[in-house]
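Comments concern the structure below.
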Amino acid sequence: MEELVRPWRLGPRGRWWFDVLLAGTLFLIIPFYVIQVMVNGDAAKDVSSSSHVADLVLVVVQLVPLLWRRRHPVIVYAIVAGACGLQVLLIDYPLVSQVSFPIAVYSVARYARPRWGLAALGVGLFGSVLGAYDWMNAAVPDGVVQESFKWSTYVPVVLSLATFPVAAWALGALARTRTAYVDSLIQRNEQLRREAEQRAELGATQERARIAREMHDVVAHGLSVIVVQADGARYAAEQDPALAPKALETVAQTAREALAEMRQLLGLLRDGDTLTRPQPRLTDIATLVEETRAGGMELAATLPEPGLAVPEGVALTAFRVVQEALSNVRKHAGPGAAARVSVTAEGDGLEIEVTDDGRGAAADASRSGGLGLVGMEERITAHNGTLETGPAPGGGFRVYARLPL
């Protein structure tokens, strides 16, 4: 699976150095301000030297807290806003360091809860109204009485000042919303990746179980036929040598078919191996019945019409159920046991029944440590079918399965 590409962001160290660079750039205001005072003197603003000290203190208080604006945005905003409020009370003109106020508003809207951002915006709007009023009154020369308040001048000044906190709040809220959205996408992608890995792992587990069932069916059926035919060939070689070649031919044919199916299953474990044998179909049950009869078992069969269309998975499961049941008959029913196979389509289901009249030892197959009946049940359950196994009435063993179509 492809690695998730995360959006580029500054790390903790990068954010710290960015804030240091921002505050350091703004700190350049301080030496420029001191140089301006030294060059122009008190006549530049017609204020006392104590006013210059107040200006310098306000500049420092408004700029220094910006270093902690990410970790403590509300506290930093309170300090910067308080310094701006003191500026209105102590002096009657703006300072360049007031650029820290919209930065503080942005930080609250970006890193604090939304209600704190709205509160900062409200304070900023109120400060715009108050600051505009203070500066316009300070612009009136001493001794001059202002006849009427000029709203035509006051309102544009308020609106221009209010633009800064509104823009800062909007940018901060937008950045906070975007970050939350990106984080949710990253979290969702991580969840999808974990779910995909879990599905892949579950699919691999199911595939291993399926291959294990296939291997068991192929080996159990093939070897049981080979053992029976080999015993028959040995007996025929002693009593009637003319029957030995036929038994040996059945052994060779069964071995070749088992080997072909083994190669098919092993091919599933190789990447890109498509040269595999087709899966057994419903019509292959007839071939299975003939092979079993050739092995010497008395077997009666009721099979569906060759043209019956069923899903491939259902056909494979039906074939494997019959194959495993006949293998159990050979292994557990005893010599001379007869069996009957019935595969019929009834309504919306396919019914499979295999019975024998042997000694009934197959009833202990599920407790003998084998995996035949367990694999059979797993196959049936995978198709939402039902399986019944146990001693048959009157002796022998019965396997009954129903698969929905």
Taking the condition modelled with pLDDT of 85 or more, open to solvent by 20 Å² or more (accessible area, probe 1.4 Å) and either closer than 23 Å to E249 by Cβ or assigned to a loop (DSSP other than H, G, I, E, B) (or both), does T276 pass?
-> no
Do any residues in segment 117-137 that are in contact (Cβ under 8 Å) with a residue 24 or more places away in the chain have Cβ atoms under 8 Å from those of residues that are outside any helix (DSSP H, G or I) and of a type in the set (K, R), where the two are at least six apart or on different chains, and which pairs are they?
-> none
When you look at V314, is it out of contact with any Cys (no Cβ under 7 Å at 6 or more places or on another chain), part of a strand (DSSP E or B) and either modelled with pLDDT under 85 or not small (G, A, S) (or both), yes or no?
-> no
Selection within segment 73-98 - in contact with a Leu (Cβ under 7 Å, 6 or more places away or on another chain) and assigned to a helix (DSSP H, G or I) = V76, A83, L86, Q87, V88, S97
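Considering A109, A81, A167, which residue is modelled with pLDDT of 85 or more, under 52 Å from the mean Cα position of the chain (by Cα) and surrounded by fewer than 15 Cβ atoms within 10 Å (Cβ to Cβ)?
Matching residue, one of A109, A81, A167: A167.
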The condition from (1) part of a loop (DSSP other than H, G, I, E, B); (2) within 16 Å of D55 (Cβ to Cβ) that R70 misses is numbered (2)
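This table checks each residue for (1) modelled with pLDDT of 75 or more; (2) within 19 Å of G313 (Cβ to Cβ); (3) assigned to a helix (DSSP H, G or I).
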site	(1), (2), (3)
A244	no, no, yes
V251	no, no, yes
E261	no, yes, yes
G296	yes, no, no
Restricting attention to segment 356-374, which residues are within 10 Å of E324 (Cβ to Cβ), part of a helix (DSSP H, G or I) and modelled with pLDDT under 75?
-> A365, G372
Filter segment 143-164 for residues that are loosely packed, with under 11 Cβ neighbours inside 10 Å and in a helix (DSSP H, G or I); which is modelled with the lowest pLDDT?
-> W151
Here the qualifying pairs (Cβ atoms under 6 Å; residues six or more apart or on different chains; first in segment 157-175 and closer than 15 Å to G117 by Cβ; second of a type in the set (K, R)) come out as G172/R110; A175/R110
Output the residue which, of all residues in segment 325-344 that are of a type outside the set (G, A, S) and assigned to a helix (DSSP H, G or I), is surrounded by the most Cβ atoms within 10 Å (Cβ to Cβ).
-> N328
Within segment 170-185, track down each residue that is at pLDDT below 85 and surrounded by 15 or more Cβ atoms within 10 Å (Cβ to Cβ).
-> none
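The values are calculated or read from the model by the stated rules, or taken from the named source; none is laboratory data. Since the structure is predicted, the reported quantities are computational estimates derived from the model, not experimental observations. Virtual Cβ from ideal backbone geometry, glycine too; neighbours counted across all protein chains shown. All accessible areas refer to the heavy atoms of the entire protein, side chains included, with ligands and DNA or RNA removed. Shrake-Rupley method; radii C 1.70, N 1.55, O 1.52, S 1.80 Å.
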